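What follows is a short report on a single structure.
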Amino acid sequence: QEQVKEAKNQLRQYASDPRVIKGNRGVNLISIMLIFRGWELVHCEEVK
């Protein structure tokens, strides 16, 4: 759960970064969180 919380915070920071916003004008940016353990996908979620 701690990794999920940390990943959400990182995605929100990236999505709100002025350089990301400027570089993606006119594009609907969707933040998707994928957490893997080795080759196994253990968590997948859209972060709003």
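A short reminder: the numbers here are calculations on the coordinates, not readings from a lab. All values derive from a computational prediction rather than experimental measurement. Quick reminder, even Gly has a Cβ in these numbers, built from the backbone with ideal geometry, and neighbours come from all protein chains shown.
With 0.36 nm allotted per residue and the present C-alpha distance subtracted, the Arg37-Asn9 stretch has 8.1 nm of extension available. What you get for the stretch 1-47, charging only the Cβ of Lys and Arg (+1) and of Asp and Glu (-1), is a dipole of about 300 debye around the Cα centre.
Within 15 Å, Cβ to Cβ, of Gln13, how many net charges do the neighbouring residues add up to if Lys/Arg are +1 and Asp/Glu are -1? Around Gln13, the surrounding residues sum to +3.
Please report Rg over Rh for the chain, where both radii come from the alpha carbon positions and Rh follows the Kirkwood definition. Reported Rg/Rh (Cα atoms, Kirkwood Rh): 1.05.
Summary value for the chain: 33 percent relative contact order, contacts being C-alpha pairs under 8 angstrom separated by 6+ residues.
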